[in-house]
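Engineer: Handing you a structure now.
The values are calculated or read from the model by the stated rules, or taken from the named source; none is laboratory data. Note that the coordinates shown come from a computational prediction; the quantities given were computed from them, not determined experimentally. Virtual Cβ from ideal backbone geometry, glycine too; neighbours counted across all protein chains shown.
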Amino acid sequence: MEPLKQELKPLTKVVSEWVHEYFKSADIGIAEGGNRATYEFTSEDGGDFKYKGYVEVYEERFGLEVFLYCPVTVPPRKLKEVSELIARVNFGLLAGQMSLNFESGKIRYESKAYLKDGLLSIAMVNVMVDRGISILDLYLPAVMDVVHVNTIPEDAYARLDDPDSARAKASLPKSDELEHVYSWEHIVGHASIKEWADDLRRVVDSKGNLDAWALAGRGVVLVNERESYCREVLRRVAIDAGMQFIHIPHEEVMDMSPASAFRSKSPILVYLEPARWMLAKGEKDESGEDAASVDRFQSKLSDWLREFNPAKPVVFAVSAHQIDYVSPRFKKVGLFERFISLPERSLEMTGLEFIENLGRDICGKTLLDSAGKIGRLVTWNFNEAEERELALLSLKRIYHRENRPVEFLDLDDISTHSLLEEGLAQSPLESVRRQTAYHEAGHAVMAVLETDGRDVPDYTSIVPGASGFGGVTVESFSFYYAKNEDQMTYFDFRRDVRVSLGGRAAEEILVGAEYITNGASGDLENVANKSARAFARWGFAPSMEKPGQSESNLAIVVGNPTHSEFAHNEKLNREFVAEEYRYVIKKLTVHRELLNEVAERLLWDPVVDQDELACICKKYKIKICDVQ
């Protein structure tokens, strides 16, 4: 800003003298516009918060206004709670007020004075500004509690208004009371991550200097594919290290408050959910305003990491699928400089944790004996903590409503029907129900036949689902749990294709090709996607089981396919699917009596479970294997 050229008027002169007496830095601006003069300054960095300030002088109406803008940004999800907190604060203020901008999430303090019959002094200006800084220093930690620690506004205010009150003490967050915290036994290969937690505990307890914190790690990357798992592991680390844990969702990271604003909560571990702000691999060529915003945020975050204060430590952590997903500008000494590989947790541990959270006393035998396959189901269908909570609540409702232990089939049903506890009404048309029954029976019978009885579906049903399907066959989670899901053999691929085609093939056997419905479109989409990957990406070839065929398709597609590559693989795909469909038609025709019985059973019993399917199969001398 340009200094005022003309001789200063009375009020403006006093404010100008105040600025030059109390602010020695060059970060002072003076501007004149309309009927006011504005003095811009930045508060001295003596506390956890630094404020952008404005003193506005209105000579004609003898007015003086002070505005202080906070570094804290309130995310949209917390606007309502923070506005309630600010209302409580303002009711108790004798002068000035805090306000919240619902568009930007910014908070400011404002104070006004009118001096027509009085004189303005440097001391008066200083009091107005200092009062605002003191009020913000006092109440902004409560804002941080509401935004990041999920403290309710009433408790956050009580804690600062009267720290010794019973309510304030009762509302203080205790790390050992945090819900759903993993124990170290829940964390596979936890040696390295626990070692880091121990390092943090030592340096926190010893109030270590900058060198000690550099050795412990002030910016850490966990390398693991599951963001939600990394988040909960970091919560465990924070507890063991005696640090406050704060999680910043990915959509809020680039608008978050600076590191200094978190110092009132220190020692603190801040987890930044991964997203574009990291400039993940493959996104570096993006341009425009979005890319510019990422660049600006990365510069700010780099500065915050370099400004680490060992007296009030704020440690940042992030997770990534691979180290390469973290921008090179962050991988430097003083920034994100400690990288820890976090192995996937075992399916058994995931299942046991789910059982413990549900409560063993309400679990039936098929749940208590099925930790591994529960882990597989939960990992596939309830990957987020919130989804698991909904599944647990649904199971508890079944237990209380039906007064019986809940079983694995209940969990299976909840996952399949998108948390719907009650089945949707079936079609009143007998022809539709019959064709749906044959469709699902086709899937079930092919699953059994193509695995020599190892995959007897957990259940097959003609009960509609939330996403619009008319029925469903849920293959055995015991079978999938016993398999190595990290690798797919040609046998696995071909079997999956045949099971997927079983529904359409059964319809054709029942009503003929001209009356097949569009209900198999989802199955065909799955088949097309899987076979396209198998031939283009995995180097599989049709009829690989025959001599001289395994090497016929080794030139896989790397990058985007050329026209010739696309045409080649499209031809393989179509010929393979057609051949497999002919195989499925033949197989189901040979086992037509078994197909008929499963379908007819579904018409009067809309849900046929694994034991019932196994009994039907045994009647037709089909071998059934126990893979529990």
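Engineer: How many residues does the stretch 222-257 hold that are closer than 11 Å to Val181 by Cβ and of a type in the set (Val, Ile, Thr)?
Structural biologist: The total comes to 3.
Engineer: Within the stretch 303-323, is there a residue that is within 23 Å of the chain's Cα centre (by Cα) and part of a helix (DSSP H, G or I)?
Structural biologist: Keep residues of the stretch 303-323 that are within 23 Å of the chain's Cα centre (by Cα), which gives 314-323.
Right, trim to part of a helix (DSSP H, G or I) and you get 323.
The answer is yes, given that some residue of the stretch 303-323 is within 23 Å of the chain's Cα centre (by Cα) and part of a helix (DSSP H, G or I).
Engineer: Going through the stretch 119-155 one residue at a time, which ones are among the charged types (D, E, K, R) and either closer than 19 Å to Tyr54 by Cα or not in a helix (DSSP H, G or I) (or both)? Steps first, please.
Structural biologist: Of the stretch 119-155, the ones among the charged types (D, E, K, R) are 130-131, 137, 145, 154-155.
Those that are among the charged types (D, E, K, R) and either closer than 19 Å to Tyr54 by Cα or not in a helix (DSSP H, G or I) (or both): Asp130, Arg131, Asp137.
Engineer: Would you mind finding the one in Val188, Val253 that is assigned to a loop (DSSP other than H, G, I, E, B), assigned by TED's automatic domain parsing to the domain that holds Phe330 and within 21 Å of the chain's Cα centre (by Cα)? Write out each step before concluding.
Structural biologist: On the way: Val253 fails: assigned to a loop (DSSP other than H, G, I, E, B).
None of the others qualify; the one that does is Val188.
Engineer: So which helices (runs of 4 or more DSSP H) are wholly in the stretch 379-467 and hold at least 3 residues that are closer than 22 Å to Asp611 by Cβ, at pLDDT below 90 and under 26 Å from the mean Cα position of the chain (by Cα)? Give the steps one after another, and end with the answer.
Structural biologist: Values: elements: 385-402, 408-416, 430-449.
Once the helices (runs of 4 or more DSSP H) in the stretch 379-467 are filtered for at least 3 residues that are closer than 22 Å to Asp611 by Cβ, at pLDDT below 90 and under 26 Å from the mean Cα position of the chain (by Cα), what remains is 408-416.
Engineer: Within the stretch 275-294, restricting attention to residues that are surrounded by 13 or more Cβ atoms within 10 Å (Cβ to Cβ) and part of a helix (DSSP H, G or I), which residue is modelled with the lowest pLDDT?
Structural biologist: First, pick out the residues of the stretch 275-294 that are surrounded by 13 or more Cβ atoms within 10 Å (Cβ to Cβ): 275-281, 283, 291, 293-294.
Add one more test, that the residue is part of a helix (DSSP H, G or I), and what stays is 276-278, 291, 293-294.
Numbers: Arg276: 86, Trp277: 89, Met278: 86, Ala291: 80, Ser293: 86, Val294: 88.
It comes out as Ala291.
Engineer: When you look at Glu356, is it free of Cβ contacts under 8 Å to residues at least 24 places away in the same chain and over 18 Å from Ser415 (Cα atoms), yes or no?
Structural biologist: Values: free of Cβ contacts under 8 Å to residues at least 24 places away in the same chain: yes; over 18 Å from Ser415 (Cα atoms): yes.
Considered against the rule, which asks whether it is free of Cβ contacts under 8 Å to residues at least 24 places away in the same chain and over 18 Å from Ser415 (Cα atoms), Glu356 comes out as yes.
Engineer: So, one more: Restricting the stretch 556-603 to residues that are touching a residue at least 12 places away in the same chain (Cβ under 8 Å) and not in a helix (DSSP H, G or I), which is surrounded by the fewest Cβ atoms within 10 Å (Cβ to Cβ)?
Structural biologist: Ranking the candidates gives Ile556 first.
Engineer: If you take the residues in the stretch 468-490 that are at pLDDT below 75 and acidic (Asp, Glu), which one is surrounded by the most Cβ atoms within 10 Å (Cβ to Cβ)?
Structural biologist: Initially, the stretch 468-490 is screened for residues at pLDDT below 75, giving 468-469, 481-486.
If we keep only those that are acidic (Asp, Glu) as well, we get 485-486.
Details: Glu485: 12, Asp486: 6.
Among those residues, the one meeting the criterion is Glu485.
Engineer: I need every pair where a residue in the stretch 5-20 that is exposed (fewer than 12 other Cβ atoms within 10 Å of the Cβ) has its Cβ under 8 Å from the Cβ of a residue that is modelled with pLDDT under 60, sequence separation at least 6 or different chains.
Structural biologist: His20/Ile28
Engineer: Of all residues being crowded, with 18+ Cβ neighbours inside 10 Å and part of a loop (DSSP other than H, G, I, E, B) in the stretch 528-543, which is nearest to the chain's Cα centre (by Cα)? Just the residue, please.
Structural biologist: Ranking the qualifying residues of the stretch 528-543, first place goes to Phe540.
Engineer: Also, quick follow-up: Look at the stretch 301-326 and say how many of its residues are surrounded by 15 or more Cβ atoms within 10 Å (Cβ to Cβ) and within 17 Å of Arg218 (Cβ to Cβ).
Structural biologist: 15
Engineer: Can you find a residue that is in a loop (DSSP other than H, G, I, E, B), more than 28 Å from Leu215 (Cα to Cα) and modelled with pLDDT under 90 anywhere in the stretch 330-347?
Structural biologist: First, pick out the residues of the stretch 330-347 that are in a loop (DSSP other than H, G, I, E, B): 330-337, 342-346.
Checking the rest, the ones that are also more than 28 Å from Leu215 (Cα to Cα) come to 346.
Cutting the leftovers down to modelled with pLDDT under 90 gives us 346.
Scanning the stretch 330-347, I find at least one residue that is in a loop (DSSP other than H, G, I, E, B), more than 28 Å from Leu215 (Cα to Cα) and modelled with pLDDT under 90, so the answer is yes.
Engineer: Ok, one more. Checking Glu225 against (1) crowded, with 21+ Cβ neighbours inside 10 Å; (2) at pLDDT below 90, which single condition isn't satisfied?
Structural biologist: Failed condition: (1).
Engineer: So which residues in the stretch 65-85 are outside any strand (DSSP E or B), surrounded by 14 or more Cβ atoms within 10 Å (Cβ to Cβ) and touching a residue at least 24 places away in the same chain (Cβ under 8 Å)?
Structural biologist: If the condition is that a residue be outside any strand (DSSP E or B), surrounded by 14 or more Cβ atoms within 10 Å (Cβ to Cβ) and touching a residue at least 24 places away in the same chain (Cβ under 8 Å), then Val74, Pro75, Lys78, Leu79, Glu81, Val82, Glu84, Leu85 are the ones that fit.
Engineer: Taking into account only those residues within the stretch 359-379 that are of a type in the set (S, T, N, Q) and without any contact (Cβ under 8 Å) to a residue 60 or more places away in the chain, which is surrounded by the fewest Cβ atoms within 10 Å (Cβ to Cβ)?
Structural biologist: Thr379
Engineer: Can you tell me which residue in the stretch 337-358 is surrounded by the most Cβ atoms within 10 Å (Cβ to Cβ), limited to those that are acidic (Asp, Glu) and under 23 Å from Ala482 (Cβ atoms)?
Structural biologist: Residues of the stretch 337-358 that are acidic (Asp, Glu), as a first pass: 337, 344, 348, 353, 356.
Subset that is under 23 Å from Ala482 (Cβ atoms): 344, 348, 353.
Working: Glu344: 14, Glu348: 15, Glu353: 21.
The residue in question is Glu353.
Engineer: Just one of Ser111, Ser134 is surrounded by 14 or more Cβ atoms within 10 Å (Cβ to Cβ) and either modelled with pLDDT of 85 or more or not assigned by TED's automatic domain parsing to the domain that holds Asp48 (or both); which is it?
Structural biologist: One residue alone meets the criteria, Ser111.
Engineer: Just to verify a result, which residue in the stretch 191-222, among those that are more than 23 Å from the chain's Cα centre (by Cα) and among the β-branched types (Val, Ile, Thr), is surrounded by the most Cβ atoms within 10 Å (Cβ to Cβ)?
Structural biologist: Among those that are more than 23 Å from the chain's Cα centre (by Cα) and among the β-branched types (Val, Ile, Thr), it is Val203.
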